[in-house]
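For reference, the structure discussed in these notes is given below.
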Amino acid sequence: MSTTQTSVSQLQLNSVAENPLGELAKIDNWNDFQFAPIREATVSRAMTSRYYQDMDKYAISDVVIVGAGSSGLSAAYVIAKNRPDLKIAIIEQNLAPGGGCWVSGQLLSAMVLRKPADLLLKEIGVEYEDQGDYVVVKHAALFTSTILSKILAFPNVKLYNGTCVEDLVTKPNEHGKLTVSGVVTNWTLVTLAHDTQSCMDPNVIELAGYSDDGSRDATQKHGVILSTTGHDGPFGAFCAKRIVQLDDNMKLGGMKGLDMNSAERGVVNHAGKYPGVDNIYFAGMESAELYGINRMGPIFSSMLISGVKAGLEIVKHFSD
Ligand code: AHZ
């Protein structure tokens, strides 16, 4: 075993150890306290080796989720749980994954969801107050941190924080029709500095389904992108805006004014496969931008359920 690897048995041992802090409670004199020895290069190697191994592994991914807000995370959970064999890359432009769901509306903490969105809360073990038709989680961060911890524990998921999707990779299929076959990525800080620095070219994550010469390998399922980049903003609605530039048959609908009922219904109805170009799916508020649906404001039911719906559709794509 290399020095940069941790064995599975070691990890299991750590997670089942009873009262691990009891060892620290036994210390009487903290002046003699010492950590186990390490050299600086070991820390560098521990990080870089893993990061670059992951970059190598996920250079071809089965699923790329763009944007780690409430809708993207809900989808990531469903896909990773159902298909541990798929490689799932999550790309988040911010340092912190979670998007708008660290707090609820106007920083007011409590997260309100209409039933049946409580089913995802039950599934991941988040407590809530049951108010009949709707439920309240005492702090949105409880949902966000719980679902994140579950997703990051799946061995088939890699989260790239501080990384921006700057473009889509496209290819014609065997009938000459435009399809999406990957994402173009860059460090977010580089994306923000494109106008001030000389060009720093981006990187690419390719979707699975091709042979080494780049031709379509029909024996493999084609990978998919799920875009959940939220509503328009400095980065938001990115793939929606790009796909309508590439698809002559579609115009950007543009998010409409707030109407909770119509918005939540519309976002869930439209979540899933994009009809015009193969291999790309949408969920969450980005669907509202794409299809011209109302915004819902501070209620998160359709974020969770549209993510679950798109996630289940993607699971079905890989099992058909
Ligand atoms: O940082 C963004 C956020 O975490 C990320 N993102 C955006 N563009 C990106 C890009 N590359 C990589 N080009 C990108 N990451 O996408 C995430 C979107 O999360 P969100 O919480 O904004 O979107 P959501 O659709 O999951 O949830 C929307 C929540 C809203 S908005 C709203 C209203 O305005 O009425 N109401 C609700 C419930």
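Listing for the model above:
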read-out: Out of 233, 257, sole residue that is within 14 Å of the ligand (Cβ to nearest atom) and free of Cβ contacts under 8 Å to residues at least 12 places away in the same chain; value: 233
read-out: Residue in region 267-285 that is nearest to residue 98 (Cα to Cα), counting only those that are within 12 Å of the ligand (Cβ to nearest atom) and of a type in the set (Gly, Ala, Ser); value: 284
read-out: Hey, residue 178 surrounded by 14 or more Cβ atoms within 10 Å (Cβ to Cβ), farther than 30 Å from residue 77 by Cβ, in contact (Cβ under 8 Å) with a residue 40 or more places away in the chain and of a type outside the set (Val, Ile, Thr) or not; value: yes
read-out: One residue from 310, 288 being more than 20 Å from residue 90 (Cβ to Cβ), surrounded by 23 or more Cβ atoms within 10 Å (Cβ to Cβ) and within 12 Å of the ligand (Cβ to nearest atom); value: 288
read-out: Hits in region 236-248 (condition: away from the ligand (no atom under 16 Å from the Cβ) and either at pLDDT 95 or above or under 9 Å from residue 286 (Cα atoms) (or both)); value: 247
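The values are calculated or read from the model by the stated rules, or taken from the named source; none is laboratory data. Keep in mind that this is a model prediction, so the values were computed, not measured. With ideal geometry, Cβ positions are generated from the backbone for all residues, glycine too; neighbour counts draw on all protein chains shown.
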